[in-house]
Amino acid sequence: MSISKPSSAGNGIERIFANPARELQVRFRWAMIAIALLIILNQLLVQPAITRLLSDAPVINIAGRQRMLSQKLSKVALALDMAVQQYHAPSIAARRAELSDVLTTWQAAHQILTDGGSQRTEPDLLSPALRHAFNELQPHFDIMRTAAERILDKTQQVTRMGELYPDLSSDVTTILEQEGEFLSRMHRIVAIYEEEARSHIDHLQRTGWWIVVLLLLALLFVNMGVIAPATNTIDRQFAHHDRQYRQLVETTRDAIVVLSSERLIMFANHRLAELLLVKEEQLIESRFESILTQPSRDLFANLEFGTTTPTQSLITLDFLRGDQSTMTGLLVPQVLLDLDGLPAGTLLVITDITAQLKAEHQSRQLKSQLDHARRLTAIGEIAAGLAHEIHQPLGAIANYAEGSLLLIEGDRCSIKELKIPLERIRAAALRGGQITHSVRKIAGPSVDIQPQQPLNSLIGEVVDLYIPQAEQAQIAVAVKTDHLIPLLSIDGLQIQQVMTNLLSNAIEAIARSDRRGGVIQVTTELIDSSTVEVSVADDGPGIDPKLSDGLFNAFVTSRQDGVGLGLSISRTIIESHRGSIWAENRPNRGAIFRFRLPTPNQLSPIEEMAAKA
């Protein structure tokens, strides 16, 4: 079955999650296309017009010179005619050369104006008016040129005085007669050039203004369609993120403070003022130390802030409230960096742990009282366990005493030989006394702080105590200790009681097996920075599957003469040390018992809460 969705709701969601950058990119792309078209339009319309204007000026100049050259041509022809009439050969030669130069220049200029030449791009660029004017001019130009060429031909052979000089009057008259017509038509051509140049300038100005208007419209579109919406979008997003940030900062359960490099309070959220029972205005630009107790001021003053993070990641400080009470806060500092990556201040996140500390203290008191009541309630069980625990040292005393008597009766010993068994008898007796002392400690109130003990040494003492018993049963005891294990805050005697139970059980398990001899492996290992593991492995028959589930319960045992309290007491001791104990069968043969204890590096409950925060 399909579920229809209202289109309006879908469109609304699309508008909410629409990316404005895409629409702005489309607008910007169209704006760039428009600007590119304007640039192309400029190249197609404005640049050719500018190029034509640049060529019009030289052409107009040439047209003006052409009028002067035609006048000069007439003057030189007259001067040459006068020199011929005066029969002055040098003057004739000079005037003839001058006439030749003027005629050449005049013809070249005429070709430039009519046929394009080197100053114009194409003769087709001439307007119809100019083409018509040049057509009217051409006959007069040809007549004047022909007359000038005839004059040059007639005067070419005049070299000596007394020779017959030619008559140039008719050709000169022709040039003078055509000069007026040539000049009037040339004047008309110059006027047409100037008029067309002005027309070109007007057209260029109009085209330029149109392109300027279009360019301004394109820029307006870029501003209104791209820049302004982008700016508005950025402003809205910044305002939205700013509202979210402020809402997050102001509604958090933690106090947030920003300190300057001089450790002045530059920002504090409402939560800090609420916790300290003061107004926010009282906190801004005040020294952070002013809201701390004296011991916390000294601690905070000694803190060193690095380039990225403080040297301490978690700091506990006491704060002074407005009613003169105190509040304990857990600080998580973070150095703030500027755009250049340099320290600009410090951000402090302060968590109020006053109630947690109070609750933890009350919990410890209640736990201590409950533990005391539980120990008193289970005193009967412990008394039964006392007989079980003290059995080992008493048995050791009896065995060493019996061996000493045998040595004395045989008259085969010296006093030095009796020293070893007597020392072991004394150690076993002290061990029994320590067990009874431990029972008194268990029945008494608990102590929160335990002295730090070397775990390897404690276990080594118990192993040494059981080596004679193991040797009698032909059992080898191997010990492997991890020397990286730190000192532990434990009750050494209670941990030794656990090892006594585990070693005793291992020896008896191997002794009950159908083979002679065996191996017990005792291992200590630092699992990680917060956990230590101790294991006792044997190659006996292993754990009966029927007993595996309740192995550590009271009065559960596989021995006919056992009371089933050793493992139960061991679990109680390990769990009172915030540890765990378990057992499992080995793959090939035997069983392995393990227990783990926390190291001093393990976090307290308050530190765990702060780390999670």
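Please find the FRET efficiency linking Leu366 to Thr252, where r is the Cβ-Cβ separation and R0 is fixed at 30 Å, and quote it to the nearest 0.05. For Leu366 and Thr252, the calculated efficiency is 0.45. A crude spin-label estimate for the pair Met224 and Val349, with each label 7 Å from Cα along the Cβ direction, gives 4.8 nm. Taking 0.36 nm per residue of separation and subtracting the current Cα-Cα distance, fully stretching the chain between Leu176 and Thr481 would add 96.3 nm. Here's how it looks for Leu336: its modeled amide H is under 5 Å from those of Ala344, Gly345, Thr346, Leu347, which are all 5 or more places away or on a different chain. Using a basic spin-label model with each label point 7 Å from the Cα along Cα→Cβ, how many nm lie between Asn588 and Met82? Each label point is offset 7 Å from its Cα along the Cβ direction, giving 14.4 nm. Note on Glu280 and Glu136: the model spin-label points, each 7 Å out from Cα along the C-beta direction, lie 9.1 nm apart.
Sorting the segments 587-593, 499-505, 530-536 by their mean number of nearby beta carbons within 10 angstrom, highest to lowest, gives 499-505, 530-536, 587-593. As a calculated quantity, the FRET efficiency between Arg29 and Leu336 at R0 = 35 Å, using C-beta atoms, amounts to about 0.35. Full extension of the chain between Glu195 and Gln244 yields a length gain of 10.6 nm, computed as 0.36 nm times the residue separation minus the alpha carbon distance.
Were the residues from Arg150 through Arg426 laid out at 0.36 nm apart, the gain over their Cα-Cα distance would be 83.4 nm. With R₀ set to 25 Å, the beta-carbon distance separating Lys358 from Ser529 gives a calculated FRET efficiency near 0.25.
Phi-derived couplings, Karplus 6.51 cos²θ - 1.76 cosθ + 1.60 at θ = phi - 60°, listed residue by residue for segment 166-176: x, 9, 9, 5, 5, 5, 5, 4, 4, 4, 5 Hz, with x used for Gly and Pro. Here the Karplus relation 6.51 cos²θ - 1.76 cosθ + 1.60, evaluated at θ = phi - 60°, turns the backbone of segment 196-205 into coupling constants of 5, 4, 5, 4, 4, 4, 4, 4, 4, 5 Hz, with x for every Gly and Pro.
Solvent-accessible area of Leu526, all protein chains in place: 50 Å² (probe radius 1.4 Å, heavy atoms, ligands and nucleic acids excluded).
The values are calculated or read from the model by the stated rules, or taken from the named source; none is laboratory data. All of these numbers come straight from a predicted model, not from anything done at the bench. FYI the Cβ positions are ideal-geometry reconstructions off the backbone, even for glycines, and counts take in every protein chain you see. Areas reflect the complete protein model, heavy atoms only, side chains present, ligands, DNA and RNA absent. Shrake-Rupley method; radii C 1.70, N 1.55, O 1.52, S 1.80 Å.
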